[in-house]
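Below you'll find the structure, written out as structure tokens, and then a few comments.
The values are calculated or read from the model by the stated rules, or taken from the named source; none is laboratory data. Owing to the predicted nature of the structure, the values given are computational and were not obtained by experimental measurement. As a convention, Cβ positions derive from the backbone with ideal geometry for all residues, glycine included, and neighbour counts pool all protein chains shown.
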Protein chains: 2
Amino acid sequence: MEESSSSSSQKKIEEEVSRLAELAKELQDSASSFISNSTTEEQSLRQRALAIDSNLKKLHSSVQTGAIDRKQAHKVRARCILSDGDGASFLPNKSHGRFLKMFLGPINVRASRKDVQLKVKEEYNSYRDRTAFLFLLFPSTLLLLRSWVWNGCFPALPVQLYQAWLLFLYTSLALRENILRVNGSDIRSWWICHHYCAMVMALVSLTWEIKGQPDCSHMQSDVQLFLLWAVMQGVAMLLQNRYQRQRLYTRIALGKAKRMDVVWGETAGVEGQLLLLCPILFVLQGFEAYIGLLLLKNSLVGVVSEWQVVVCGILLVVMAVGNFANTVQTLISKSRI
Amino acid sequence: MEESSSSSSQKKIEEEVSRLAELAKELQDSASSFISNSTTEEQSLRQRALAIDSNLKKLHSSVQTGAIDRKQAHKVRARCILSDGDGASFLPNKSHGRFLKMFLGPINVRASRKDVQLKVKEEYNSYRDRTAFLFLLFPSTLLLLRSWVWNGCFPALPVQLYQAWLLFLYTSLALRENILRVNGSDIRSWWICHHYCAMVMALVSLTWEIKGQPDCSHMQSDVQLFLLWAVMQGVAMLLQNRYQRQRLYTRIALGKAKRMDVVWGETAGVEGQLLLLCPILFVLQGFEAYIGLLLLKNSLVGVVSEWQVVVCGILLVVMAVGNFANTVQTLISKSRI
Ligand SMILES: CC(C)(COP(=O)(O)OP(=O)(O)OC[C@H]1O[C@@H](n2cnc3c(N)ncnc32)[C@H](O)[C@@H]1OP(=O)(O)O)[C@@H](O)C(=O)NCCC(=O)NCCS
Ligand SMILES: CC(C)(COP(=O)(O)OP(=O)(O)OC[C@H]1O[C@@H](n2cnc3c(N)ncnc32)[C@H](O)[C@@H]1OP(=O)(O)O)[C@@H](O)C(=O)NCCC(=O)NCCS
């Protein structure tokens with residue numbers, strides 16, 4: 001009795017098994033034909049996109065040499081359709097960059113659909129918002145606790161935790177920006193480079209010995225400067241986020257949400273905001289350079305003579321100069337169009 | 001004269017412009033229809049894959065409850081077709097994991113084609129090979145220089161450079177393994193977790209003050225232990241790479257190159273190698289625990305009483321125990337099939 005019921009259930013299972021195997025095989029077949037078809041189709045789209053793009057470039061250079069009015073509406077439109085629309089997914093990838101390869105290997109991080117690309121961009125913006133908040137909170141808490149609770153002396157652990165967080169933050173920002181770039185963002189390479197510098201600085205500051213008593217307020221003046229720089233960065237980040245979010249809104253309002261790069265002055269309302277933002281940025285950049293020079297001075301007069309201080313000082317000055325130069329260049333290229 | 005030649009060239013350019021705009025528009029149209037078609041088709045494949053997979057799971061659980069012989073050839077084949085073939089690309093993504101999200105944001109890192117997935121796996125293996133080499137070279141050089149050149153005292157900078165490299169290395173390994181996992185690798189979550197622990201350890205060791213004279217050989221005994229552990233890790237990594245590469249070769253020879261997970265004992269030749277590898281791994285794991293305990297002892301008897309030492313000690317013991325448990329579990333689950 002038991003034997004026969006088990007053998008009938010065995011039979012049922014066997015049937016189910018062969019049915020599933022059949023289904024799996026069918027799925028397998030349609031999946032591979034789908035993949036091979038779409039690969040071929042993709043290839044041909046890729047070639048067409050490439051051909052158009054190279055013609056556009058040729059045209060562009062002949063326009064540059066002055067043979068013709070620069071504001072050719074048609075040309076701009078062709079270029080736009082190519083760089084915004086779905087066609088753009090089939091332009092050859094911007095090169096991956098060594099940074100991404102180093103961390104991730106040769107994995108493809110390009111989204112082929114524009115709405116996904118935009119989602120990545122939006123997530124990046126909201127990530128920046130969240131971190132800008134922490135960016136202000138973290139170092140200012142440390143600075144406040146120093147004078148209220150710690151009697152002018154930083155204990156090592158909280159500062160190091162903060163520095164480790166900075167290292168993580170800059171690494172993730174640099175990774176995300178590289179990914180945005182692969183996805184067609186026009187971000188200047190300096191801003192990414194700036195995050196590489198900040199990563200190095202966070203790493204170096206981690207190895208920086210935080211001296212305790214005696215005389216810590218003297219010994220720790222460089223740590224304090226570092227934290228002041230961080231507070232300042234937080235302010236810059238908040239302002240910048242506010243501006244860039246508004247820029248995105250304007251673009252969406254103009255129905256240009258799909259464009260990763262703004263070529264000409266249709267975001268005029270935001271441009272006004274930019275003129276307001278820039279002076280503040282310049283002040284902050286000046287302050288950044290000042291802190292860098294202070295650190296260098298400290299290390300020269302021998303208050304603290306660790307190599308870490310020298311490196312951080314140099315990095316700060318480099319970042320300040322680079323930020324300044326690139327902000328100015330952005331302004332110039334915006335005003336030109 | 002000049003006027004007319006410039007206007008004729010202008011005309012030519014205008015024609016070219018409108019031709020390109022036309023082409024771009026066509027491309028745009030076919031690209032969007034391609035994308036929307038393939039999205040629909042993908043969706044339907046995804047649904048079919050899902051349905052088959054859930055039926056397979058049901059079947060599997062009824063098999064588990066003992067109603068039927070476990071080694072049903074058909075069932076295994078259906079399962080295999082689904083998990084190896086192109087069909088597998090349409091199974092729902094394994095969840096991304098918070099680690100990847102933290103660093104990269106919500107970007108898709110899954111390759112839809114199996115050959116790309118395999119390429120990623122191969123690149124991961126060769127990356128491990130390259131690093132295993134450095135892994136041995138770096139700390140042993142430091143240890144050798146210490147006794148030959150540095151008179152028993154480590155200078156801080158080279159050790160810190162090494163620790164920074166370790167931090168980078170473990171971060172990138174953890175990222176890559178998470179990516180492999182999303183791409184269908186069956187890697188146990190412990191091995192990834194192990195790399196998280198190692199990341200924390202590298203970070204902590206960076207903040208670890210490397211004391212110089214006087215009496216550095218005494219003060220630096222923990223740094224030395226740390227480097228010894230690293231050498232050992234290098235050995236383990238080399239052995240493991242050798243075995244896993246051979247495993248991949250065997251699979252390719254068996255025509256199973258497309259399978260990311262080996263379900264039953266067809267790689268018997270390599271299994272023998274595993275039995276040879278495991279005792280060595282166990283010895284190394286014992287050594288790892290020993291070093292962890294030594295560090296803890298050092299910090300207790302007060303030779304060095306920094307918190308960094310305690311944390312590293314605990315992490316080493318945790319890693320040793322976890323590695324041991326997971327190696328044993330791997331062996332058990334392999335021998336069961
Ligand atoms: C000057 C500035 C406001 C210009 O911003 P902008 O108008 O967006 O500049 P662009 O039009 O050239 O931007 C092109 C792209 O780069 C991105 N981008 C610009 N600056 C960026 C930055 N600092 N970080 C990340 N992305 C940036 C933009 O979002 C845009 O992306 P998209 O193509 O995906 O839409 C901005 O670069 C900035 O704030 N820089 C100063 C930062 C600084 O100095 N900080 C430190 C102070 S101590
Ligand atoms: C025990 C061991 C040899 C088993 O390896 P294995 O036979 O490949 O194990 P599995 O069959 O379970 O592997 C499943 C998957 O995980 C991967 N994997 C296994 N162990 C891994 C590890 N330690 N790191 C990264 N990936 C690993 C395999 O490559 C395989 O990937 P795939 O599905 O893409 O093909 C291996 O896990 C190992 O070397 N562990 C010990 C490591 C150790 O203890 N190191 C420290 C010593 S101090």
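Some values worked out for this structure:
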item: Filter result for residue A:299 (surrounded by 14 or more Cβ atoms within 10 Å (Cβ to Cβ), more than 12 Å from ligand 1 (Cβ to nearest atom) and modelled with pLDDT under 90); result: yes
item: Cβ pairs under 9 Å, 6+ apart, first in the stretch A:1-20 and of a type in the set (Lys, Arg), second modelled with pLDDT of 60 or more; result: A:19/B:55
item: Condition check for residue A:254: of a type outside the set (S, T, N, Q), modelled with pLDDT of 70 or more, more than 10 Å from ligand 1 (Cβ to nearest atom) and out of contact with any Ser or Thr (no Cβ under 6 Å at 6 or more places or on another chain); result: no
item: All positions within the stretch A:145-201 that are more than 14 Å from every other protein chain (Cβ to nearest Cβ) and part of a helix (DSSP H, G or I); result: A:145, A:146, A:147, A:148, A:189, A:190, A:191, A:192, A:193, A:194, A:197, A:198
item: Pairs, first within 14 Å of chain B (Cβ to nearest Cβ) in the stretch A:284-297, second away from ligand 2 (no atom under 16 Å from the Cβ), C-beta under 7 Å, six or more apart; result: none
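Here is a yes/no grid of residues against (1) within 7 Å of another protein chain (Cβ to nearest Cβ); (2) at positive phi; (3) at pLDDT below 80; (4) outside any helix (DSSP H, G or I):
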| residue | (1), (2), (3), (4) |
| --- | --- |
| A:35 | yes, no, yes, no |
| A:66 | no, yes, yes, no |
| A:83 | no, no, yes, no |
| A:93 | no, no, yes, yes |
| A:122 | no, no, no, no |
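Here is a yes/no grid of residues against (1) more than 21 Å from residue B:110 (Cα to Cα); (2) of a type in the set (Ser, Thr, Tyr):
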residue	(1), (2)
B:138	yes, no
B:151	yes, no
B:162	yes, yes
B:168	yes, no
B:180	no, no
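Okay, residues lined up against (1) under 30 Å from residue B:19 (Cβ atoms); (2) within 9 Å of chain B (Cβ to nearest Cβ); (3) modelled with pLDDT of 80 or more; (4) in a helix (DSSP H, G or I):
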site	(1), (2), (3), (4)
A:5	no, no, no, yes
A:11	no, no, no, yes
A:17	no, yes, no, yes
A:26	no, yes, yes, yes
A:32	no, yes, no, yes
A:41	yes, yes, yes, yes
A:50	yes, no, yes, yes
A:59	yes, yes, no, yes
